[in-house]
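All remarks here apply to the structure that follows.
Just so it is clear, none of the values below were taken in a lab; they were calculated from the coordinates. All of these numbers come straight from a predicted model, not from anything done at the bench. Because the Cβ atoms are built from the backbone with ideal geometry, glycine has one as well, and the counts that use them run over all protein chains shown.
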Amino acid sequence: METPATRREPTTTSHFGVDVTEDYRWLEEQTDETREWTREQSSRTRAYLDAIPEWPAIAERVAAVMRAESVGYSRLSNGGGGSTYVALKHQPPRQQPFLVAFSDLEGLSDERVLVDPDRIDAGGTTAIDFFRVSPDGSRVAVSLSENGTEAGTVHVLDVATGERLGEPLPYVNSGVAGGSLAWKADGSGFWCTRHAGPEEAAEGELGFFQEVAFHDLGTGTTEVELSGVFADDRIAENFLSTSPDGRWVLDLVQRGDGNEWQVFVRPQDGGPGQAQWTRVADLDEGYVDARVGPDDQLYLLATKDTPRGQVVRRTLPDGPLETVVEHSDLTIEGFTLSEHHLWVVDLDGGPSGLRRFTLDGTPLPGLDLPPVCAIEGLTRYGPGMFSDLLPLGDGRVAFSLTTYTTPRTWWVVDEDGRRHPTGLDTRPPIDLSGYEVRRVFATSADGTQVPINLISAPGTGPSAPTLLTAYGGYGLSLKPWFSADDVVWLERGGVLAVANIRGGGEYGVEWHHGGRLTTKQNCFDDFIACADHLVETGVTTRGRLAVIGGSNGGLLMGAVLTQRPDLAATVVAMVPVMDALRSETTPNGAFNTAEFGTVENEDEFRALLAYSPYHHVVDGTAYPPVLLTAGEFDPRVEAWHAKKMAARLQAATTGGPVLLRTEAGGHGMGASLDEQVGKATDIYAFVLHHLED
């Protein structure tokens, strides 16, 4: 396949006496030339993929699996003391999940649709970012965005009638800092995040400064309450919640994306603008999650000097701290509170566990869970995000379980610790229950043991085609998931391998810090060790190994591609960061400096330069076939990362083809079913085409 020539225009930037020259910075600009270059690349990619002999058969199978009639529920929430439930319902072949309400977790006989994005936009480009139910269950606030931008506007609906109340509230959610909302106890309004609109952003400033405001539904007014007080206002991310008794509002504020948090509280008494917000914890105290429980007790997940976490509490506003759940060998991922119990979700290198305690920390009998499973929803995003561990009232808690071979199932645990099924049935289009899951460990360059989860059909022999993936960033843990399209790989005799490398949170704060800032190289070493382990132990061969990752995992793909071009037979990097030196010039890149570092710091600059994939492509190298993807409206990783890397690799490689697949979408959040089907088809076809028989 002929490699297109891309115009070179050398540009040099200096940092700490180091000159860095590149040829393709002009691709960062939205000019007619760039748009024409992108169209030509897209046409070349489409022609190549469509000519793959197996593409039609793969497309037919992917569509059959992903568009098949199926049902699933996520983001369960409740109001009115548990008498009203709201959830996202996933029901292909619909393009987008839609919002439903019901009154009974067992029967769902009165289930009704509140918001259906497909009715708003039949093309599937409108998506639900998040929603929050009022305490009495009568109203729900829903953020909607378009084209993958995640630029969300909040609409308030009457749950009983579906009628929209008041005017939409713009600039609540963004793909840069996210968005959050917490209702006032009487449902008359809510606290929410607010981003400066483009016309309000200061000239020359990066990103949208996020603040907290109160929106009064009666008057339609929005009053800013919390602004200019954060550790770094430019990259503050706010996550709001309220105490079950309606006495307190909580704001957990992250500095950028580095898992460093401040905690603010505010009594609801006194009315909006009359009560005072108080900072009760700062960055250096190491609190990463918080909940307000009964009797004005603030529960905090503490990681300072206890890297795998312990739960402490204090009486608001400034009572003394006491330890409730001690630090142990298990990593505490998060927790929630019911009337009489504290529920703790643990991680052991990736899989989840669940422990119960009294509110004062007395251990109670645990629950029997599958050995490699995930309890969804409790992540670094704190209490402002949805948690699939939901207090229901009467001492009960609902939670969901997922494994690599069984889809999300919802359960209720009563006050005595007994687990009961719900009517939130998940009906997948395929059955993976016959496939096997096992965990092995690879030894990284410094001796660290790195877990790998292997999913395959029983009796899969050695030297099988293997697809290896990982993430390794932001303290996010790559937990077990169920994805119906995995069957397209598995039924062809393939092995799916998931590595829990450093940079994630699978083993706590130390595991995260072992793969961020100036230690980021450990992520790449871990992944390379996992790939080598799969070959050395006979799971696969070098010619039958493919590697894939997205976003931060796409950066991982770029780094291992340039550091070890011989590592795998083919590489797929989805919406990747590829120019680590220029990333922070973008709004979301500024948030990422807390995780990756900045070129303004010499040590961090040298670490970034040492692995930045774009800067380590070497002319005349036989790189394996590479597929890069990008979304033109991506608010998290600008499409120019993939474009510049494609141009550089195409000019340098003497090996396989380098393809750029660009679409009119975002980072993947809110992608329509059609977009998902198309992308999965192209990826499977590309990978399978380039593996040895």
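Fully extending the segment from E632 to E285, taken as 0.36 nm per residue of separation minus the present Cα-Cα distance, adds 121.0 nm. Ratio of Rg to Rh for the chain: 0.95 [Cα atoms; Kirkwood radius as inverse mean 1/r over pairs]. The Rg/Rh ratio for the range 34-137 is 1.17, where Rg is the radius of gyration of the alpha carbons and Rh is the Kirkwood radius. Got a sec? Which residues in the range 108-152 would a label at A664 touch, if it sits 7 Å along Cα→Cβ and we count backbone N under 13 Å? The answer is 123-126, 147-148, whose backbone nitrogens lie closer than 13 Å to the label point.
Could you give the length gained on full extension between S188 and D394, defined as 0.36 nm per residue of separation minus the Cα-Cα distance, in nm?
71.6 nm
Extension gain for E2-F16 works out to 1.1 nm (0.36 nm per residue, less the C-alpha to C-alpha distance).
Computed from label points 7 Å out along Cα-Cβ, the spacing between R427 and T34 is 4.7 nm. Once the convex hull of all Cα atoms in the range 482-625 is built, its volume per residue stands at 129 Å³.
Placing a pseudo-label 7 Å from each Cα along the Cα-to-Cβ vector at E60 and D158 gives an inter-label distance of 5.1 nm.
Take the alpha-carbon centre of the range 577-649, take the same for the range 7-51, and report the distance between them in whole Å. So the separation of the two Cα centres works out to 13 Å. Between D416 and D118, the C-beta separation translates, for a Förster distance of 51 Å, into a calculated FRET efficiency of about 0.75. Which residues in the range 3-17 have a backbone N closer than 18 Å to a point placed 7 Å from the Cα of A51 along the Cα-to-Cβ line? Output list for this probe position: 3-5. With a simple spin-label model that places each label point 7 Å from the Cα along the Cα-to-Cβ direction, the separation between E692 and A68 comes to 3.3 nm. Listed by chain and number, the lysines placed with their C-alpha closer than 30 angstrom to that of K679 are K89, K479, K520, K643, K644; residues fewer than eight positions away on the same chain are left out.
For the chain, the residue among S43, Y404, A457 whose Cα projects farthest onto the positive side of the dipole built from Cβ charges is A457. Largest first and in whole Å, give the semi-axes of the range 291-427's equivalent ellipsoid, each being the square root of 5 times a Cα gyration tensor eigenvalue. Computed over the range 291-427, the values are 25, 17, 13 Å.
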